[in-house]
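Read-outs throughout are calculated quantities, based only on the coordinates presented, and are distinct from any laboratory measurement. What you are looking at is a predicted structure, and each value in this text was computed from that prediction instead of being measured. Here the Cβ positions follow ideal geometry from the backbone for every residue, glycine too, while neighbour counts run over all protein chains shown.
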Ligand SMILES: O=C(O)CCC(=O)C(=O)O
Ligand SMILES: [Fe+2]
């Protein structure tokens, strides 16, 4: 079954519904060519300086360039895109908060084989999260047209509903073809992998993923984005990067301080950041647990 395409005017709810059913969908033409050109030019020197992967999974002819928040103003816009954030909020609902998990250009060079089919949530030491409980909501922004020939991401539509730990052959997947500026959105439970590149040019995708804030981030935002850069970023972006508590207690600094104060001392007066909300949610969770066990 091919992956469903939605227009950029779709609602977060409609996108989340497609993800709940299929584990993946494409939002067509979310940004234009000029925007993608800008992102590409900002990142070109960093991509050129990036070495190819050192194992089969990373791809021996694939370059993965990260720290996009530090390196590309345009990618900051991608990270904060309201339609994407609205969708993530829907998919990861039922928890206190979510955060940025990783940012990475994936440049699959010619003559690359297909990547092993996997679930991104296997990064969590293969912990078998319950079926239907999503811990990640992920995006790949097409910086090139994605075609079957040049290594479009390969997906198994509906595989979010399958058992964990399956070995799925590439022949059971299909390419999520899309035009440059479109975005593949998928859950951490979707079986997928980078496609083989049989063309003579590199396939560029911008992988930006989000996860529940009680889990560790794949890309360490505190060390990937220098303090001098972080200091200049909008508060909402810092919160998303992890300068916030995950639920009630995770990630505070020294005397239970809100971590955002370390980069933005002026925000100390901002109060407890998202703690108020976290306290309310923690209380509600506790009451629910008590009701269930009564
Ligand atoms: O580059 C792609 O199309 C997907 C890569 C991927 O799934 C991964 O590295 O986890
Ligand atoms: Fe993946």
Item checked: Stokes-Einstein D in µm²/s, Kirkwood radius over Cα pairs - segment 221-293 at 10 °C with 1.306 mPa s viscosity -> 119 µm²/s
Check: Could you work out the helix-only [θ] at 222 nm for the chain, with each DSSP H run of four or more residues adding -39,500 (n - 2.57) and the total divided by the number of residues, to the nearest 500 deg cm²/dmol?
Finding: -8000 deg cm²/dmol
Notebook entry, point to check: What is the spin-label model distance, in nm, from residue 282 to residue 21 if the labels are put 7 Å beyond Cα along the C-beta direction?
Noted result: 4.0 nm
Checklist line | Acute angle (nearest 10 degrees) that the helix 33-48 long axis makes with the longest principal axis of the chain, alpha-carbon atoms | finding: 90 degrees
Note to self: Can you tell me which of 268, 107, 176 moves the most in a GNM of the chain? Springs connect C-alpha atoms under 10 Å apart.
What the structure shows: 268
Notebook entry, point to check: Pairing the Cα long axis of helix 82-91 with the longest principal axis of the chain, what angle in degrees results, from 0 to 90 and rounded to the nearest 10?
Noted result: 70 degrees
Note to self: Running a GNM on the chain with Cα contacts under 10 Å, which residue among 175, 259, 130 ends up with the highest mean-square fluctuation?
What the structure shows: 130
Notebook entry, point to check: How do the peptides 139-148, 80-89 rank, highest first, by the average count of neighbouring beta carbon atoms within 10 Å per residue?
Noted result: 139-148, 80-89
Next item on the list: Please list 25-33, 10-18, 231-239 highest first by mean number of surrounding beta-carbon atoms within 10 Å per residue.
Entry: 25-33, 10-18, 231-239
Next item on the list: Be a star and scan segment 130-153 for residues whose amide nitrogen sits under 19 Å from the point 7 Å along the Cα-to-Cβ vector of residue 172.
Entry: 131-132, 153
Check: What ranking do 168, 208 get, fewest neighbouring Cβ atoms within 10 angstrom at the top?
Finding: 168, 208
Notebook entry, point to check: Given just the C-alpha atoms of segment 5-212, how large is their convex hull per residue in cubic angstrom?
Noted result: 110 Å³
Check: For the Cα atoms of the chain, what angle does the longest principal axis make with the long axis of helix 12-22, in degrees from 0 to 90, nearest 10?
Finding: 60 degrees
Note to self: Starting from the 7 Å offset along Cα-to-Cβ, what nm value, one decimal, do you get for the label separation of residue 145 and residue 28?
What the structure shows: 1.4 nm
Notebook entry, point to check: GNM on the chain, C-alpha springs below 10 Å: top fluctuator among 77, 51, 228?
Noted result: 228
Next item on the list: Quote the relative contact order of the chain in percent (integer), defining contacts as alpha-carbon pairs under 8 Å separated by 6+ residues.
Entry: 23 percent
Margin query: If R₀ is 30 angstrom, what is the calculated FRET efficiency for the pair residue 89 and residue 47, using the beta carbon separation as r and rounding to 0.05?
Written below: 0.45
Note to self: With 10 angstrom as the radius, rank 60, 76 by how many other C-beta atoms surround their C-beta, starting from the fewest.
What the structure shows: 60, 76
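Let me check against my output: what whole-number percent is the relative contact order of segment 221-293, with C-alpha pairs under 8 Å and at least 6 apart?
25 percent
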